[in-house]
């Protein structure tokens with residue numbers, strides 16, 4: 001499966017879900033497919049794996065936020081639905097980065113951009129973004145970069 005593109009993996013997963021009559025899974029996968037297709041239509045170009053990862057990462061963030069809001073509102077069944085969708089989307093994401101790997105990447109990015117302090121935060125984040133998309137929560141990354149630049 002690693003040889004085929006993420007779009008092909010999504011298409012294949014949709015077909016499998018249809019064959020296996022997995023309704024909830026099918027709805028989530030079709031939502032992801034539609035989000036990718038919409039960007040392709042809007043931008044009139046074929047999306048590569050990195051772009052598809054960005055779309056899936058955005059979908060994960062939306063579901064994470066929604067689940068949190070449902071939790072706060074005491075709507076457990078809706079929060080659980082968001083988390084179930086997250087689990088399906090996460091199947092297509094690369095393995096998450098460990099703290100050690102992340103620290104190494106942050107140090108390398110700070111060195112590569114010759115960052116001196118907080119004023120260079122944007123440059124460091126731009127250096128890191130292509131390497132970590134879909135592999136780490138950007139809010140968490142931002143905090144770690146900030147701590148590295150200040151400390």
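Restricting to region 61-73, count the residues that are touching a helix residue (DSSP H, G or I) at 6+ places or on another chain (Cβ under 6 Å) and surrounded by fewer than 17 Cβ atoms within 10 Å (Cβ to Cβ).
Residues in region 61-73 being touching a helix residue (DSSP H, G or I) at 6+ places or on another chain (Cβ under 6 Å) and surrounded by fewer than 17 Cβ atoms within 10 Å (Cβ to Cβ): 1 in total.
The conditions are (1) under 29 Å from residue 146 (Cβ atoms); (2) without any contact (Cβ under 8 Å) to a residue 60 or more places away in the chain; (3) not assigned by TED's automatic domain parsing to the domain that holds residue 137, and residue 77 fails exactly one of them. Which is it?
Result: residue 77 fails condition (1) only.
Can you tell me which residue is farthest from residue 80 (Cα to Cα) among those in region 24-57 that are free of Cβ contacts under 8 Å to residues at least 12 places away in the same chain and part of a helix (DSSP H, G or I)?
43
Just one of the numbered conditions (1) over 19 Å from residue 27 (Cβ atoms); (2) part of a helix (DSSP H, G or I) is not true of residue 70; which one?
Just one mismatch for residue 70, condition (1).
Counting only residues that are modelled with pLDDT of 95 or more and touching a helix residue (DSSP H, G or I) at 6+ places or on another chain (Cβ under 8 Å), how many does region 37-54 have?
Looking only at that region, the number is 1.
Pick from 113, 104, 133: which is within 15 Å of the chain's Cα centre (by Cα), farther than 25 Å from residue 22 by Cα and not assigned by TED's automatic domain parsing to the domain that holds residue 36?
When all the criteria are applied, what remains is 133.
The values are calculated or read from the model by the stated rules, or taken from the named source; none is laboratory data. Bear in mind the structure is a predicted one, so any value in this text is a computation, not a measurement. In this analysis, Cβ positions are derived from the backbone assuming ideal geometry, glycine residues included, and neighbour counts consider all displayed protein chains.
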